[in-house]
Amino acid sequence: MVRGPGRPACNHKALISPRVGRGKRPPPPPAETSGFSLAKRKPGRCFRRVPPRPPALNKSGKTTFVNRQIDTNKGIGETPGRKEQIMHLIEKLKTLIIEGNLAQAPRATQEALQAGVDLREIIDQGLIKAMEVVGERFSSGELYIPEMLLSAKTMQASLNVLRPMIADRGIKAKAKVVFGTVQGDVHDIGKNLVIMMMQGAGFEVYDLGMDVPPEKFYQAIKTHQPDLCCMSALLTTTQGAMGKTIRFLKEQSVRQTVKVMVGGAPITEEFSAGIEADGYAPDAGSAVEKAKELLGIR
Ligand code: B1M
C-alpha cells in the first residue's frame, strides 16, 4: 500500500494512542498566563485602550502577548496601530484553533469581528491558515486524530460565529464539493474529518453521508453542480464501489463535468489511477492540498 511519507500504513496507533511519541506537545498554559484577557465587558462601558506590551515567551516557549485589551466599541481601522492589532487578533484566533481551544476560539472570533477585522481576513488568515498548519502537522505525524478533530471542531465553532455574516455578505466559496462514503460502507469518521478540513479551507461541501449508491452521487452532481466529487471507502470489499460510481457517472454523461477524488485506508495511488479517478490523497491534510491542485486553486 502506498502511503504519504512518514505516515503509518494503518491508523490503529493514531486512534488509540494520541499524544505519544514524536511531536508530543506540552499542555497549554493556564488562562491567566496565556496572554488572553478573561475580563468581561460590562454593558455600556468601554475598555480603556491599553498600550501594547512587547511580546513575551510563555511557559511552552511560544511568543504571546500579555494583557492586551481591545476597544470593541471603536473600529480598529481608525487607530494608527491597526495592522499590528489585526495581526494580533488573527494570530490569537489561529493559535486557539491550532490548539483546539473550543471554549475560547468563538469568543476570539467575535472579538475580531467587533474590533472591525474584515470577515474575509478572519476566514483566510485565521481559520484557513490555522487548518493548513493542522493539516501539515497531521500529515507529518506531529498531530494525531483526536487533536486534529478537536482543531476541526474549534474551527467549525468559529465558522458558526461568522456564518450569518458570510450569508449577508454573499462570500463565495472556493469551490463546491459533494462528498460521500461509497455504497456498502458505513465508515464515516475519516470522511467527516476530510470534510471539516475542506470547510476550513473555504470549500462548500455537500455531505451525502455513508453507504451512498452511485445514483445518489449522480443526483447530487445534477443538483449542486459541484467542481469536485469526493468518495471515501474503508473496506477492501467496498473500494470497488468507487469504480462502479465513476462508471455510472460516465454512463449518465456527467463524469466530464466534475473532478473525482478518492481516499480511505485501502485506497492507493495505483487503485485511483486504475478506476480513472482524477486524484487520490492519503489523509485529511493532503486531501485539501490535492483538491486545490485538481481545481487549480491557490
Ligand atoms: Co470497521 N473496519 N468495520 N468499523 N473499522 C476497519 C476499517 C478495519 C480495518 C478493522 C480491522 O479489521 N482491522 C476492517 C476493514 C478490513 C478491510 O476491509 N481490509 C473493518 C471491518 C472489517 C468492519 C466490519 C466489516 C466489521 C464487521 O461488521 N464484521 C464492519 C463493516 C460495516 C460496513 O461498513 N458495512 C465495520 C464496522 C465498523 C463500525 C461501524 C463499528 C465503525 C465505524 C464507525 C463510523 O465510521 N461511524 C468501525 C471502525 C471505527 C473501524 C476502525 C476501527 C476505525 C476506522 C476509522 O474511523 N479510522 C477501522 C480500523 C482502523 O482503521 N484502525 C475499521 C479513523 C479515520 C480518521 O481514518 O477513515 O482511514 P480513515 O480516514 C483517513 C484517511 O483514510 C483519509 O483521511 C482520513 C483522515 O486522515 N481519507 C480520505 C478518508 N477518506 C478520504 C477521502 C479522500 C481523501 C482522503 O478524498 C476523497
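The values are calculated or read from the model by the stated rules, or taken from the named source; none is laboratory data. Being a predicted model, the structure only gives us computed values, none of them experimental. Here the Cβ is made from the backbone with ideal geometry for all residues, glycine too, and neighbour counts use every protein chain on show.
So here's what we get for this one:
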{"read-out": "Residue match in segment 207-216 (condition: surrounded by fewer than 17 Cβ atoms within 10 Å (Cβ to Cβ), assigned by TED's automatic domain parsing to the domain that holds TYR280, more than 9 Å from the ligand (Cβ to nearest atom) and at pLDDT below 95)", "value": "no"}
{"read-out": "Condition check for ALA233: assigned by TED's automatic domain parsing to the domain that holds ILE189, of a type in the set (Gly, Ala, Ser) and closer than 14 Å to GLY180 by Cα", "value": "yes"}
{"read-out": "Out of THR257, THR238, THR181, sole residue that is over 25 Å from the mean Cα position of the chain (by Cα), near the ligand (Cβ under 9 Å from one of its atoms), at pLDDT 95 or above and of a type in the set (Ser, Thr, Tyr)", "value": "THR238"}
{"read-out": "Failed condition for ILE246, given (1) within 18 Å of GLY184 (Cα to Cα); (2) in contact (Cβ under 8 Å) with a residue 40 or more places away in the chain", "value": "(2)"}
{"read-out": "Helices (runs of 4 or more DSSP H) completely within segment 192-298 that count 3 or more residues being over 24 Å from GLY126 (Cβ atoms)", "value": "214-224, 240-251, 269-274"}
{"read-out": "Subset of segment 270-298 that is touching a residue at least 24 places away in the same chain (Cβ under 8 Å) and away from the ligand (no atom under 12 Å from the Cβ) - its residue that is nearest to LEU235 (Cα to Cα)", "value": "PHE271"}
{"read-out": "Test set (1) within 15 Å of the ligand (Cβ to nearest atom); (2) modelled with pLDDT under 95 - GLU204 fails condition number", "value": "(1)"}
{"read-out": "Boolean, ILE97 is surrounded by 15 or more Cβ atoms within 10 Å (Cβ to Cβ), assigned to a helix (DSSP H, G or I) and modelled with pLDDT of 90 or more", "value": "yes"}
{"read-out": "Which listed residue, of LYS129, LYS83, LYS153, is in contact with a helix residue (DSSP H, G or I) (Cβ under 6 Å, 6 or more places away or on another chain) and among the charged types (D, E, K, R)", "value": "LYS129"}
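Residues are listed down the side, and each one gets a yes or a no for (1) in a helix (DSSP H, G or I); (2) free of Cβ contacts under 8 Å to residues at least 60 places away in the same chain; (3) over 20 Å from ALA108 (Cα atoms); (4) more than 11 Å from the chain's Cα centre (by Cα):
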residue	(1), (2), (3), (4)
ARG137	yes, no, yes, yes
LEU143	no, no, yes, yes
GLN156	yes, yes, no, no
LEU159	yes, yes, no, no
LEU162	yes, yes, no, yes
ALA173	no, yes, yes, yes
HIS187	no, no, yes, yes
